[in-house]
Amino acid sequence: MFRVDITFADNEDFSHSFRWVDRSGSPIELGSDTLVMQVKAREKDRVPTLELRSDETGIAVVPDETHRFTISIPRGSLRAGSYVFDLLKIDQVDTRVRLAEGVITVEKGITS
């Protein structure tokens, strides 16, 4: 698992690609798994403020040897403030592995 903190403004689209590798640096195949990222205002909240999924929208897995995935948060999806998130990998038998966690800080943008 890795920790990553994300900062962007509420008037911009956020998009970032990650490459998932093991400790030796070898890429880990993600193509048949579902990636789910839940964003919450507080860790104890039951309902996420935003959910991104590779089988729906918001997370794109690149189906090639790079084993990259891209997280995209559209402009206006989150209000200015601080949020927590985690990112899970769910395989075909519903085994869940937490890939990442962190804090998302959304700053107030000036230009609309």
Exercise. With every protein chain present, what is the per residue accessible area of the chain (1.4 Å probe, Å²)?
Worked result: 63 Å²
For this session: Measure out, as a whole number of angstrom, how far apart the alpha-carbon centroids of region 65-112 and region 1-58 sit.
Result: 4 Å
Exercise. So, with a 1.4 angstrom probe, what is the percent of accessible area on the chain that is carbon and sulfur?
Worked result: 46 percent
Exercise. Going 7 Å from the Cα of Val21 toward and past its Cβ, which residues in region 55-74 have a backbone nitrogen under 14 Å from where you end up?
Worked result: 66-69
For this session: With only Lys, Arg, Asp and Glu charged, each at its Cβ (+1 for the first two, -1 for the last two), find how big the charge dipole of the chain is about the Cα centre; round to the nearest 20 debye.
Result: 420 debye
Seminar exercise, completed: So Glu65 and Asp13, fully extended at 0.36 nm per residue minus their Cα-Cα distance, gain in nm 16.0 nm
Exercise. Using the eigenvalues of the Cα gyration tensor, what equivalent ellipsoid semi-axes result for region 1-44 when each is taken as the square root of five times the eigenvalue, whole Å, largest first?
Worked result: 25, 14, 12
For this session: Please list 51-59, 83-91 highest first by mean number of surrounding beta-carbon atoms within 10 Å per residue.
Result: 83-91, 51-59
Problem set entry | Charge-dipole axis of the chain as Lys and Arg at +1 and Asp and Glu at -1 on Cβ define it, positive-most pick from Gly102, His16, Ile28 | Gly102
For this session: Beyond 17 Å, what share of the Cα-Cα pairs of region 58-109 is found? Please give it as a whole percent.
Result: 53 percent
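For the chain, what is the convex hull volume of its Cα atoms per residue in Å³?
109 Å³
The values are calculated or read from the model by the stated rules, or taken from the named source; none is laboratory data. Keep in mind it's a predicted model, so treat the numbers as computed, not measured. Don't worry about glycine lacking a Cβ; one is built from the backbone with ideal geometry, like all the others, and counts go over all protein chains shown. The protein model used for the area step is the full one, side chains on, heavy atoms only, and it has no ligands, DNA or RNA in it. Shrake-Rupley method; radii C 1.70, N 1.55, O 1.52, S 1.80 Å.
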